[in-house]
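Colleague: My questions will all concern the structure given below.
The values are calculated or read from the model by the stated rules, or taken from the named source; none is laboratory data. All values derive from a computational prediction rather than experimental measurement. Every residue, glycine as well, gets a Cβ built from its backbone with ideal geometry; the counts of neighbours run over all protein chains shown. For the accessible areas, the whole protein counts, side chains as well, though only heavy atoms, and no ligand, DNA or RNA atoms are used. Shrake-Rupley method; radii C 1.70, N 1.55, O 1.52, S 1.80 Å.
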Amino acid sequence: MESDNRKAIILPHDHGRNDSHILELMPGEKQCGEAAEIFHQLSDGTRLQILWLLCHSEECVCNIAAAVGMSMPAVSHHLRSLKQSGLIDSRRVGKEVYYTLMDTPKARLVHKMIDDVFEMNCPGMAHLDL
């Protein structure tokens, strides 16, 4: 748990519960900001389509654009946003850049969330315990 240098929180009303330990565990502003950025990425339908595709395959901008029916510059904008959020990674092969979901706990959780929302089982995640 990261410290945000917060002072002890004293609640104005005592409801007869001893919840002080909960307040000590509450995520700080920085952690909540990082989580909000991930949720922001998931709040756009096009980014969800792109994430779904990249959860299940590695693709270039041209193929992603064709799959989601958008221009390559528009897809590149979404890819840049997803990459800055730490959800996707890229690799260059010659002139081509390939994108895929990062292999991090947060990105795997996003993968599971996407699969659960679309009620599908990804065979590539069968070995992972999430």
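Colleague: Along the positive direction of the dipole of the chain (beta-carbon charges: Lys, Arg +1; Asp, Glu -1; about the Cα centre), which of I88, G45, M72 reaches farthest?
Modeller: M72
Colleague: Next question. Answer rounded, prolate or oblate for region 28-70, using the Cα gyration tensor with square roots of eigenvalues a ≥ b ≥ c: rounded when a/c is under 1.5, else prolate when a/b is larger than b/c, else oblate.
Modeller: Working: a/c = 3.66, a/b = 2.56, b/c = 1.43.
The shape class here is prolate.
Colleague: Only Lys, Arg, Asp and Glu count, each charged at its Cβ (+1, +1, -1, -1), so figure out the dipole size of region 53-110 about its Cα centre, rounded to 20 debye. Spell out each step's value before the answer.
Modeller: Values: 7 positive and 5 negative charges, 36 e Å.
So the dipole magnitude of region 53-110 works out to roughly 180 debye.
Colleague: Leaving ligands, DNA and RNA out of it, rank H15, H56 by accessible area with a 1.4 Å probe, largest first. Before the final figure, lay out each step's value.
Modeller: Working: H15 125, H56 65 Å².
Most to least solvent-accessible, the answer reads H15, H56.
Colleague: Net charge near D89, counting Lys/Arg +1 and Asp/Glu -1 over other residues with Cβ under 10 Å of its Cβ?
Modeller: 0
Colleague: Hey, of (i) -0.52, -0.78, -1.37; (ii) -0.57, -0.79, -1.31; (iii) -0.40, -0.75, -1.53, which did the structure itself give for log10 I(q)/I(0) by the Debye sum over Cα atoms at q = 0.11, 0.15, 0.23 Å⁻¹ when calculated?
Modeller: Here the calculated entry is (i).
Colleague: Right, something else. Residue by residue, what Karplus-based ³J(HN,Hα) values in Hz, rounded to whole numbers, does region 27-43 have, using 6.51, -1.76 and 1.60 with θ = phi - 60° and x for Gly and Pro?
Modeller: Each residue's phi maps through the Karplus curve to give x, x, 4, 5, 4, 5, x, 5, 5, 4, 5, 5, 5, 4, 4, 7, 8 Hz.
Colleague: Let me ask something else. What number, in percent, do you get for the relative contact order of the chain if the mean sequence gap of Cα pairs under 8 Å and at least 6 apart is divided by its residue count? Could you put the intermediate results ahead of the total?
Modeller: Numbers: 96 pairs, mean separation 26.1, N = 130.
Worked out over the chain, it gives 20 percent.
Colleague: What does the highest-first list of 58-71, 27-40, 77-90 look like by mean Cβ count within 10 Å?
Modeller: Working: 58-71: 15.9, 27-40: 12.1, 77-90: 17.9.
Ranked by mean Cβ neighbours within 10 Å, highest first: 77-90, 58-71, 27-40.
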